[in-house]
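Input: a single structure, listed below in structure tokens.
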Number of protein chains: 2
Amino acid sequence: MLELPAIDLTASAAPQVYDRLRRAILRGALVPGDRLSESEVAKLMGISRQPVREAFIHLASDGLAEVRPQRGTYIRKISISDVLSARLIREAVEGDLIRMVAAKADPALLPRLDAEIQQQRQALAQGDSDLFVRLDDRFHRMLAEAAGHESVWNVLEGLKSQMNRLRHITARTFDIQKLIDQHVEIVEGLRAGDAAQAEQAMRRHLNQLLDDLPEVTRSRPELFIP
Amino acid sequence: MLELPAIDLTASAAPQVYDRLRRAILRGALVPGDRLSESEVAKLMGISRQPVREAFIHLASDGLAEVRPQRGTYIRKISISDVLSARLIREAVEGDLIRMVAAKADPALLPRLDAEIQQQRQALAQGDSDLFVRLDDRFHRMLAEAAGHESVWNVLEGLKSQMNRLRHITARTFDIQKLIDQHVEIVEGLRAGDAAQAEQAMRRHLNQLLDDLPEVTRSRPELFIP
DNA sequence: TATTGCATACTTCCATACAAGAAAGCAATC
DNA sequence: GATTGCTTTCTTGTATGGAAGTATGCAATA
């Protein structure tokens, strides 16, 4: 059913269980609707039920799992409403951040962004969509850092866990070439020193999800709730 | 030390403990640096350690508490970096939302906002700063709802828990009259149907925190970490 | 055949006991 | 007097047993 790396017996068990399950959910190894059991996971990892239970509570607090008393614990379905909220927040925040980056006009930044985009093209050429998702994250983080607000990205990252699940599970259906082109547009806006252009490009980029979402939810309706 | 309402024995204990402790933290009854003990809270509530422990884990996941193994559990100090991130995010998001509200131009909305501001004035007249904080929350929530994105506010609310603690603990040092005036400016922007004016007013309003923060951190440095 | 009732096998939840680590006080020693 | 080491007492972490609630399959009944 599920492969989990063995835990380190010298450290606390509960955080390790949490970490492993969280990764499994985010990479799509555990899909929405899957059922978890305290005793089953405990046996799988060779520990007692209590630390597993604590990991479940932590996951539920993240919105990744749902504990239904006396029934079972389930991987939470992807809330379309949450995804849309996260997208709107990202558009507003990253729109502001890219304006700050343009205002700073750091000359050393542009070559680094170009190099990132080159790596994204390689990921596309290799057909490695998981790699692209990671590179995409890094691209946006780099921009937040360039704006002087890396900590903002850390906050957003927790918030957009639902978006990440969506992208991993349905990675194949996205048009990576188009996303890369949009990244290029953003960088070109920065190169031109045109804050408004860069912001428009960023907002278009983050609006792309709205185009892709309907098809995804139609093809895999069992993974979603409103 | 701490007053906690008795729990309902017919319902699950852990969520109730979580809820009571969370409220106590947000209203400032538990201040940053305070120490909690599983067994102490358990005795106080007449239950065993286990559900208390689970509540602690949930609080830690919210960033409100910090469990230090074999040492104790502490109310987390207010992270200035987190507060600043939350403020920046709010400015970007609510700036976008207020533009949407202006675009909708719902005629029934303005009287409701006026009534809200009247209540805020009453809270000021009564010197009830806790009430004003709650009304302020409601004012912003109402605007998000008017933009058609109440769920976005739900997400922001969890994110800005650190901001709420700050405001409750230091409520006296804020100039409530000024905040109300800024609310009026926002509503006037809407009344004029001027999206740009409304957005500017909102951004000024949310920038107010940057003016107030230095004095607060200087007067109570023991409550903060960078 | 359709429905009701019950036994059974799960699940999460709570209480309790014990283990392991950290801190503080105190005494012995240099 | 200062330091070291031990003892005690606290803390959180884990294991386990049992309680209560839920779903399911099966048999009895209308």
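The values are calculated or read from the model by the stated rules, or taken from the named source; none is laboratory data. Note that the structure is a prediction, hence the values are computed from the model and not measured. No Cβ is skipped: glycine too gets one built from the backbone with ideal geometry, and neighbour counts run over all protein chains shown. The protein model used for the area step is the full one, side chains on, heavy atoms only, and it has no ligands, DNA or RNA in it. Shrake-Rupley method; radii C 1.70, N 1.55, O 1.52, S 1.80 Å.
Miscellaneous remarks
- For the cross-link pairs A:Lys43/A:Lys77; A:Lys104/A:Lys178; A:Lys104/B:Lys160; B:Lys77/B:Lys104, the ones whose C-alpha atoms lie over 31 Å apart are B:Lys77/B:Lys104.
- In terms of its C-alpha gyration tensor, region B:1-132 comes out prolate, because a/c is 1.5 or above and the ratio a/b outweighs b/c.
- Convex hull volume of the C-alpha atoms in region B:71-129, normalised per residue: 143 Å³.
- Computed 3J(HN,Hα) for region A:10-19, one whole-Hz value per residue from the Karplus formula 6.51 cos²θ - 1.76 cosθ + 1.60 where θ = phi - 60°, is 7, 9, 5, 7, 4, x, 5, 4, 4, 4, glycine and proline marked x.
- The antiparallel fraction among DSSP beta bridges confined to the protein assembly as shown stands at about 75%.
- FRET E, pair B:Glu185, A:Ala115, Förster distance 60 Å, beta-carbon r, rounded to 0.05: 0.85
- Label-to-label distances for B:Gln50 across copies, nearest first, come out at 0.9 nm, using points 7 Å from Cα in the beta-carbon direction.
- Among the trypsin sites (Lys or Arg not before Pro) within region A:97-153, not one is in coil by DSSP while having at most 15 neighbouring Cβ atoms inside 10 Å.
- Less than 5 angstrom separates the built amide H of A:Arg220 from none of the residues sequence-distant by 5 or more or on a different chain.
- Close amide-amide hydrogen proximity is noted between B:Ala65 and B:Ala60, B:Arg76, each under 5 Å apart and 5 or more residues distant or on a separate chain (H modeled in the peptide plane; Pro and chain starts excluded).
- Rg(Cα)/(2.2 N^0.38 Å) for chain B, N = residue count: 1.13
- Cubic angstrom per residue, convex hull over Cα atoms of region B:124-174: 67 Å³
- Relative contact order %, chain B, counting alpha carbon pairs below 8 Å whose residues are six or more apart: 25 percent
- Using only Cα coordinates, the Kirkwood hydrodynamic radius of region A:55-183 works out to 16.4 Å.
- Selected from A:Ile117, A:Asn154, A:Ala196, residue furthest toward positive end of dipole (the protein assembly as shown; charges at beta carbon): A:Asn154
- In the protein assembly as shown, Rg over Rh equals 0.97, where Rg is the alpha-carbon radius of gyration and Rh the Kirkwood radius from pairwise Cα distances.
- Helical contribution to [θ] at 222 nm, DSSP H n ≥ 4, -39,500 (n - 2.57), averaged over chain B, rounded to 500: -23000 deg cm²/dmol
- Fluctuation leader among B:Asp130, B:Asp34, B:Asp211 - chain B, Gaussian network, Cα springs under 10 angstrom: B:Asp211
- Computed log10 I(q)/I(0) for region A:13-76 at 0.28, 0.29 Å⁻¹: -1.39, -1.47, from the Debye equation with unit scatterers placed on every C-alpha and solvent omitted.
- Interface residues, region B:126-157 - accessible area loss of 50 Å² or more versus chain alone, probe 1.4 Å: B:Val155
- Euclidean distance between Cα centres, region B:131-185 to region A:140-200, Å: 28 Å
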